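What follows is a single structure, written as structure tokens, with notes after it.
The values are calculated or read from the model by the stated rules, or taken from the named source; none is laboratory data. Note that the structure is a prediction, hence the values are computed from the model and not measured. Every residue, glycine as well, gets a Cβ built from its backbone with ideal geometry; the counts of neighbours run over all protein chains shown. These area figures cover heavy atoms from the full protein model, side chains too; ligands, DNA and RNA do not enter into them. Shrake-Rupley method; radii C 1.70, N 1.55, O 1.52, S 1.80 Å.
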Amino acid sequence: MRLRTLLPGHLGFGSAPLGNMYRDIPEDEAYATMAAAWDHGVRYFDTAPFYGAGLAEMRAGAFLSRQPRDSFVLSTKVGRVVLDETETPAERDLGEKGGIFEHGRPNKMVTEYTADATEKSLEDSLERLGVDRLDIVTVHDIAQDFHGDAWLHVFDTARTGAFRVLSRLRDEGVIKAWGIGTNRTEPIELTLALDEPRPDGFLLAGRYTLLDHAHALQRLLPMAEKQGVEMIVGGPYNSGVLAGGSHFEYQKAPDEIVERVHRIGDIAARHGISVKAAALQFSLAHPVSTAAIPGATRPSRIPEDQAAVREEIPAAFWAEMREANLISPHAPLPGGA
């Protein structure tokens, strides 16, 4: 099924922060944030076992399991199985993402993309979420940032395991769509080059943003557009630095990124707009983009995101951004600017 047909609107809710990303988030704050998203009309929610070793799924389920199941679209991911055995979260090997969920649950996570692990992961996710079905499932993090030089071996395991399980479940009508969810373009490009199995879409986090989009425009997005495969944009604020935060790529933003954000901010100020609005609307402007799923842990962030989507941005802003070489000349711009 085409994601554009399935997803209700251009703005969803990314639940990674509810896995206690960076800090220990109180339960009432997590619930209030979900409630704010619902009250502002958000009906697409994305989560994953990886987010806090099941914590984000449990928190999302505490809210969503009380809503009519046909009233929202829900996606989760496969690739990690959460065990009852415990470990020290801060000592987990998370590749380039070390420490981001050190405040999450202490349950041990096993990274595995086989058919059996995929079935187990889905069963466990349904239990944590308290729902009877999933709409979209993505294969999570089969890329260099987590697996280094072994990523091609991991990809091949997923190709013969998770990909085929999810294709079968889609064909049987158990799920409506499946895809790849990564912070890198290469695994998605490899998947689109396969004769089978064929994904319905992909979730690309942090690689189609104001700060980082040139690489995706070179190969991945032309391939996807030609094949009619659609994109959900994760991390449209690059872990927060484009929304006033201090993180980029899940770590403290380096000086060159901070300086680039300041340059964007100066141009935005001259045109009387917010950087957040520019970031969100840019990520949604590509024809392949169907939705963006910024994360939030505070209820006040939800109306800010909604306002950012609606904010009017003059064509002169985009022209100045291009003149300053802050946007690729090949990037489609909002409103055809």
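Scanning segment 78-101 for residues that are at pLDDT 90 or above, under 28 Å from Ile136 (Cβ atoms) and more than 18 Å from the chain's Cα centre (by Cα) yields a count of 4. On the stretch given as segment 62-71, residues that are over 20 Å from Leu169 (Cα atoms), surrounded by 12 or more Cβ atoms within 10 Å (Cβ to Cβ) and modelled with pLDDT of 95 or more total 4. How about segment 1-38: which of its residues are part of a helix (DSSP H, G or I), without any contact (Cβ under 8 Å) to a residue 60 or more places away in the chain, open to solvent by less than 70 Å² (accessible area, probe 1.4 Å) and closer than 22 Å to Ile100 by Cα? Within segment 1-38, just Met34 meets the criteria. Residues considered: Gln281, Gln306. Of these, the only one that is within 30 Å of Met1 (Cβ to Cβ), surrounded by fewer than 18 Cβ atoms within 10 Å (Cβ to Cβ) and in contact (Cβ under 8 Å) with a residue 12 or more places away in the chain is Gln306. The set of residues in segment 166-210 that are open to solvent by less than 10 Å² (accessible area, probe 1.4 Å), part of a helix (DSSP H, G or I) and either under 20 Å from Leu284 (Cα atoms) or aliphatic (A, V, I, L, M) (or both) comprises Leu166, Ile188, Leu192. Asp84 satisfies every condition listed in (1) open to solvent by 60 Å² or more (accessible area, probe 1.4 Å); (2) part of a strand (DSSP E or B); (3) touching a residue at least 40 places away in the same chain (Cβ under 8 Å) except (3). Assessment of segment 259-270 against the conditions (farther than 25 Å from Arg43 by Cβ and in contact with an Asp or Glu (Cβ under 8 Å, 6 or more places away or on another chain)) yields at least one matching residue.
Considering (1) among the acidic types (Asp, Glu); (2) more than 24 Å from Glu29 (Cβ to Cβ); (3) in contact with a Ser or Thr (Cβ under 6 Å, 6 or more places away or on another chain), the lone condition that Glu57 does not fulfil carries the number (2). Within segment 213-231, the set of residues being surrounded by fewer than 17 Cβ atoms within 10 Å (Cβ to Cβ) and under 18 Å from Phe248 (Cα atoms) comprises Ala214, His215. You will find that of Thr290, Thr297, the residue that is touching an Asp or Glu at 6+ places or on another chain (Cβ under 7 Å), at pLDDT below 95 and open to solvent by less than 60 Å² (accessible area, probe 1.4 Å) is Thr297 and no other. Within segment 246-261, being outside any helix (DSSP H, G or I) and either open to solvent by 60 Å² or more (accessible area, probe 1.4 Å) or of a type outside the set (A, V, I, L, M) (or both) holds for Ser246, His247, Phe248, Glu249, Tyr250, Gln251, Lys252, Pro254.
One residue stands out among those in segment 111-155 that are over 18 Å from the mean Cα position of the chain (by Cα) and outside any helix (DSSP H, G or I): the one that is surrounded by the most Cβ atoms within 10 Å (Cβ to Cβ), which is Tyr113.
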